[in-house]
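Only one structure is covered here, and it is reproduced in the block below.
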Amino acid sequence: MPGRCCCGLCSPVVPSCVAWLWSVSRQVQVCRLEAGVEREFREFPCARCPWRTDADLTAFFEEDIAMLRRADGRPGAEAPLDAPVVACHLDQPDTAHAFRWCGGWLAVVGAHHLAVRLAIVFDSLPGQALAPRPGWPRLYASLDALLEARAAQLHAADARADVTARGEESSPLTSRCSRPHLPPPRSAPLVDPLTFRCWSCC
């Protein structure tokens, strides 16, 4: 079963554990945690890391968010050993740094994920990976904050799309009005940005 110790008892003599490694790009890999074997991780969040407060969260699909939910942990409700470990979605397979663990996710959630804690105990990850470092961008404090921001971004994107659609439907080029249109006031658009109607008659 993914995430369960190979020895069954987490033996201090031959410590080993298997964990699922997921990336937001929906790539999956099984990684083995072994004492003294270091795991690569992002030491700085990538440009499109979803944990950055300046990230475009509308670019992520519902499947990505579902994976982040499964990988989420918090004080008193830690993510279990068989919960996904999040890899950077920009690190693709067969590259020099494939499946590096997500730096933003480690800094926000890592301390509350049992597989990550085990990696710290195994010396597979340094403890500093679990906190932002100087010069880092601002990160969401929790998955709940990330999801709230994503909902707001999606709402704003839908509103912009609706405004664009209404503007196109009401523009002089697509208007069904047969009256001759007078020129708009100086420096004014052809369509009133508030009502999406022609200045002259509609």
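Would you confirm whether or not segment 80-101 contains a residue that is among the basic types (Lys, Arg), surrounded by fewer than 22 Cβ atoms within 10 Å (Cβ to Cβ), under 18 Å from the mean Cα position of the chain (by Cα) and modelled with pLDDT of 90 or more? Within segment 80-101, not a single residue is among the basic types (Lys, Arg), surrounded by fewer than 22 Cβ atoms within 10 Å (Cβ to Cβ), under 18 Å from the mean Cα position of the chain (by Cα) and modelled with pLDDT of 90 or more. Here is the figure for segment 103-135: residues that are of a type in the set (D, E, K, R) and either touching a Lys or Arg at 6+ places or on another chain (Cβ under 8 Å) or under 13 Å from Ala35 (Cα atoms) (or both) total 2. The set of residues in segment 41-81 that are more than 16 Å from Gln153 (Cα to Cα) and aromatic (Phe, Trp, Tyr) comprises Phe41, Phe44.
The number of residues in segment 33-62 being over 22 Å from Arg138 (Cβ atoms) and either at pLDDT 95 or above or under 11 Å from the mean Cα position of the chain (by Cα) (or both) comes to 2.
If the condition is being in contact with a helix residue (DSSP H, G or I) (Cβ under 7 Å, 6 or more places away or on another chain) and either within 20 Å of Arg69 (Cβ to Cβ) or at pLDDT below 90 (or both), then segment 110-129 contributes Gly110, Ala111, Val116. If the condition is being part of a loop (DSSP other than H, G, I, E, B), under 22 Å from Glu148 (Cβ atoms) and of a type in the set (Lys, Arg), then segment 65-121 contributes no residue at all.
The values are calculated or read from the model by the stated rules, or taken from the named source; none is laboratory data. Note that the coordinates shown come from a computational prediction; the quantities given were computed from them, not determined experimentally. Using ideal geometry, Cβ is built from the backbone for each residue, glycine included, and neighbour counts are taken over all protein chains shown.
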